[in-house]
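S.K.: Structure provided below as structure tokens; questions to follow.
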Amino acid sequence: MHFLHEKIRNFKHSFDQNKENRRHQKFEEQAASLFKLCTKKSIIVLSSDCVGGRLMYDYRLPVYTPTVNNWYSDDGFLKICENPIEYFKMPLILNGERDKKGNFIGLLGDIVCHLGHEADPEKALKKWNRGCKQFFRAIKGNYEICVIMNDRNHFNDSFIKRFEALPYKNKVLFTHIPHPEAPHTFYMEGEDSLPYVKTMTLYENIFSTKRRYDRFDFYHWFYNMLNEDI
Amino acid sequence: MERKEIIEKLNDIFIDVMDNDEISIAESTTSNDIEEWDSLTHVHLVVEIQRAFGINFSAKEMMNWNNVGEMVDSIIQKKS
């Protein structure tokens, strides 16, 4: 029985790896064209969950933010976006606590941060601090802040107004129901019956190399940002 | 610019990008030797190298280096 489990696990691992490789072959050309532009401008991605980190990896863009690979309540994330300079100056306090998924929890002023993909709290804190320094370095030069959010984490409709009011041209909010009144929302079709969008980083289906966030044309989004004012 | 000078300049870039003052690179240094050197910081590193040296690498080039020495070879080649 153990042997069978091991075999299934190995098969799944190589299947996933193969799919990821095929996905990256498709991204190769687009990543190369963005990479040519990214010495001239720094794109700072504030993302409410792992989508930001995945995109940076897909398109080989440098990371200038501590938010990468972490997640927050939607209210907390909006507070960061409303005032990133103030929040990134604050110390992140870790007391060894973990959330239900095992991520370390940090307190940034009044915001609870879930620090993903890091097994060691010291390393998680170092990564956060490094991201803050990169943010402050980036905003000394030619930069553009963009925001990627979804309605998964204790979202309510009043947040749409706050999101639309954020002082950034480039922002996208993925929602499970359409919000035609809000121009920066992106409706994830077919999820109306759910309370919020499904995990954005999942593949569309078992055989697809497309992740759910690929429904939005991030390549041209980044491309246009990098080309503006150059 | 000599190899030694390039490595010194690279070392400063590594320290900034990785935010680790204790980094001291050599020709043989690889990503296994520096904890912070992962796929995300690598891209950042290359962008800063391009800015500092005024050169451009292709996406393919930056994925093919095996150690700092090969990075230096590429920089010398681009600068000549």
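S.K.: Looking only at residues that are hydrophobic (A, V, I, L, M, F, W, C) and more than 12 Å from the chain's Cα centre (by Cα) in region B:51-62, which one is surrounded by the fewest Cβ atoms within 10 Å (Cβ to Cβ)?
M.R.: Residue satisfying both the conditions and the ranking: B:55.
S.K.: Got a sec? Which of B:48, B:70 is outside any loop (DSSP other than H, G, I, E, B), free of Cβ contacts under 8 Å to residues at least 12 places away in the same chain and of a type outside the set (A, V, I, L, M, F, W, C)?
M.R.: Going through B:48, B:70 in turn, the sole match is B:70.
S.K.: Next up: Check A:100, A:123 and return the single one that is of a type outside the set (Phe, Trp, Tyr) and either closer than 23 Å to residue B:17 by Cα or surrounded by 14 or more Cβ atoms within 10 Å (Cβ to Cβ) (or both).
M.R.: Criteria check complete, one pass: A:123.
S.K.: Here are some conditions: (1) in a loop (DSSP other than H, G, I, E, B); (2) under 17 Å from the mean Cα position of the chain (by Cα). Residue A:208 meets all but one. Which one does it not meet?
M.R.: Condition (2) is where residue A:208 drops out.
S.K.: Which of the residues spanning region A:172-214 are under 16 Å from residue A:149 (Cβ atoms), of a type outside the set (Val, Ile, Thr) and in contact (Cβ under 8 Å) with a residue 40 or more places away in the chain?
M.R.: A:174, A:196, A:200, A:213 - these are the residues of region A:172-214 that are under 16 Å from residue A:149 (Cβ atoms), of a type outside the set (Val, Ile, Thr) and in contact (Cβ under 8 Å) with a residue 40 or more places away in the chain.
S.K.: Does region A:26-46 include one or more residues that are of a type outside the set (A, V, I, L, M, F, W, C), in contact (Cβ under 8 Å) with a residue 24 or more places away in the chain, away from chain B (no Cβ under 11 Å) and crowded, with 16+ Cβ neighbours inside 10 Å?
M.R.: no
Conditions tested, residue by residue: (1) modelled with pLDDT of 95 or more; (2) surrounded by 13 or more Cβ atoms within 10 Å (Cβ to Cβ); (3) in contact with a Pro (Cβ under 7 Å, 6 or more places away or on another chain).
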{"residue": "A:146", "(1), (2), (3)": "yes, yes, no"}
{"residue": "A:153", "(1), (2), (3)": "no, yes, no"}
{"residue": "A:174", "(1), (2), (3)": "yes, yes, no"}
{"residue": "A:184", "(1), (2), (3)": "yes, yes, no"}
{"residue": "A:197", "(1), (2), (3)": "no, yes, no"}
{"residue": "A:203", "(1), (2), (3)": "no, yes, no"}
{"residue": "A:212", "(1), (2), (3)": "no, yes, no"}
{"residue": "A:228", "(1), (2), (3)": "no, no, no"}
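S.K.: If a residue must be surrounded by 18 or more Cβ atoms within 10 Å (Cβ to Cβ), within 13 Å of residue A:126 (Cβ to Cβ) and over 12 Å from the mean Cα position of the chain (by Cα), how many such residues does region B:35-50 contain?
M.R.: The qualifying residues number 1.
S.K.: Next up: Looking only at residues in region B:1-45 that are outside any helix (DSSP H, G or I) and of a type in the set (Ser, Thr, Tyr), which one is nearest to the other protein chains (Cβ to nearest Cβ)?
M.R.: B:31
S.K.: Mind listing whichever residues of region B:54-70 are modelled with pLDDT under 95 and of a type in the set (A, V, I, L, M, F, W, C)?
M.R.: B:55, B:57, B:59, B:62, B:63, B:65
S.K.: Based on this model, can you work out whether residue A:168 counts as within 14 Å of chain B (Cβ to nearest Cβ) and either surrounded by 12 or more Cβ atoms within 10 Å (Cβ to Cβ) or more than 18 Å from the chain's Cα centre (by Cα) (or both)?
M.R.: no
S.K.: Next up: Scan region A:47-61 residue by residue and report those that are outside any helix (DSSP H, G or I) and touching a residue at least 60 places away in the same chain (Cβ under 8 Å).
M.R.: A:47, A:48, A:49, A:50, A:61 - these are the residues of region A:47-61 that are outside any helix (DSSP H, G or I) and touching a residue at least 60 places away in the same chain (Cβ under 8 Å).
S.K.: Could you tell me which numbered condition residue A:105 fails, if it satisfies all but one of (1) of a type outside the set (Gly, Ala, Ser); (2) closer than 26 Å to residue A:167 by Cβ; (3) free of Cβ contacts under 8 Å to residues at least 40 places away in the same chain?
M.R.: Here residue A:105 meets the rest and fails (2).
S.K.: Check whether at least one residue in region A:75-87 is surrounded by 12 or more Cβ atoms within 10 Å (Cβ to Cβ), of a type outside the set (Val, Ile, Thr), within 14 Å of chain B (Cβ to nearest Cβ) and under 17 Å from residue A:43 (Cβ atoms), and report yes or no.
M.R.: no
S.K.: Which of the residues belonging to region A:67-102 are at pLDDT 90 or above, of a type in the set (S, T, N, Q) and either closer than 16 Å to residue A:134 by Cα or assigned to a strand (DSSP E or B) (or both)?
M.R.: A:67, A:70
The values are calculated or read from the model by the stated rules, or taken from the named source; none is laboratory data. The model shown is predicted, which means the values in this text are computed figures rather than measured ones. With ideal geometry, Cβ positions are generated from the backbone for all residues, glycine too; neighbour counts draw on all protein chains shown.
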